[in-house]
1. Specify which of the listed residues (THR89, THR104) is open to solvent by 50 Å² or more (accessible area, probe 1.4 Å) and either over 21 Å from GLU207 (Cβ atoms) or under 18 Å from the mean Cα position of the chain (by Cα) (or both).
2. Does any residue of the range 114-124 turn out to be among the hydrophobic types (A, V, I, L, M, F, W, C), under 17 Å from the mean Cα position of the chain (by Cα), modelled with pLDDT under 95 and not in a helix (DSSP H, G or I)?
3. So ASP174 clears everything in (1) part of a loop (DSSP other than H, G, I, E, B); (2) surrounded by 23 or more Cβ atoms within 10 Å (Cβ to Cβ) except one condition, right? Which one?
4. What do you reckon, is THR116 β-branched (Val, Ile, Thr), within 20 Å of LEU184 (Cα to Cα) and either open to solvent by 30 Å² or more (accessible area, probe 1.4 Å) or out of contact with any His (no Cβ under 7 Å at 6 or more places or on another chain) (or both)?
5. From LEU159, LEU192, which residue is touching a residue at least 12 places away in the same chain (Cβ under 8 Å) and closer than 18 Å to TRP77 by Cβ?
6. Go through (1) out of contact with any strand residue (DSSP E or B) (no Cβ under 7 Å at 6 or more places or on another chain); (2) over 22 Å from GLY71 (Cβ atoms); (3) not in a loop (DSSP other than H, G, I, E, B) and name the single condition ASN98 misses.
7. I want to confirm something. Restricting to the range 132-152 and keeping residues that are under 18 Å from PRO114 (Cβ atoms) and open to solvent by less than 20 Å² (accessible area, probe 1.4 Å), which single residue is modelled with the lowest pLDDT?
Amino acid sequence: MSDRTPETHDTSPEAPQNDAIDQSRRRLTGAALGVSAVFTLASRPVWASQCSISGMVSGNLSAPKGAACAGCTPGYWSKCQHLDSWAATGYSPNDSFNTVFGVTQYINLRTNQPYTLLQVLGMQGNGNCTPDKVQPNCNAKPNGPAIGNMGCDPVSVNLGFHAVAALLNSAHPDVNFGYTPGELTELFRNNLHRAAELKDSLAMLNERGCPLN
């Protein structure tokens, strides 16, 4: 007779959430981050938040508590029918990206005016720059985009696109994002020299599932 105790399987409700979080952590430690230690904040201990980049990479999620980590995509935040979700963040689509993030690069060289947060949400892909693109009429197409594709980003492809979504996620009280707006903008400024990796990391955070309607 064997003295071994029969194996048991974890069937608790937390098991699926643990599996999903483990998958997210593996994705974050892969090609998106490169060197994950770069994407930390001096003011935040490694274990401070299970939903921050450092928290997810550290393995801090073996026994997560509270709401699951979440993030809404740039596509969500740029739709006409979701503009009302901006109100809970304290930010306006017309706020200056440069002012909010504390940078200078996001400026329309034709007009010498800084781009708004909503305009930067329209800087998608490698297309030709169209900095004077007129915003679509949300009254005419309430389910459409609030901003058309304005083309290239002045720093790196899709960087600002994901940075604006990350900012709004960090500021919304119903999104368990892992960063405050101040921490998110600091993270952005500190890692512009690794813009492509920063964009990939922000994209990962923004694609963890949107809890908003």
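1. Just one listed residue meets the conditions, THR104.
2. yes
3. Exception for ASP174: condition (2).
4. Answer is yes for this residue.
5. Only one candidate passes the filter, namely LEU159.
6. (1)
7. Here the answer is GLY151.
The values are calculated or read from the model by the stated rules, or taken from the named source; none is laboratory data. This one's a predicted model, so the numbers in the text were calculated from it and none came from an experiment. Note that we place each Cβ from the backbone using ideal geometry, even for glycine, and neighbour counts take in every protein chain shown. Please note that ligands, DNA and RNA were not included when accessible areas were found on the heavy atoms of the full protein model with its side chains. Shrake-Rupley method; radii C 1.70, N 1.55, O 1.52, S 1.80 Å.
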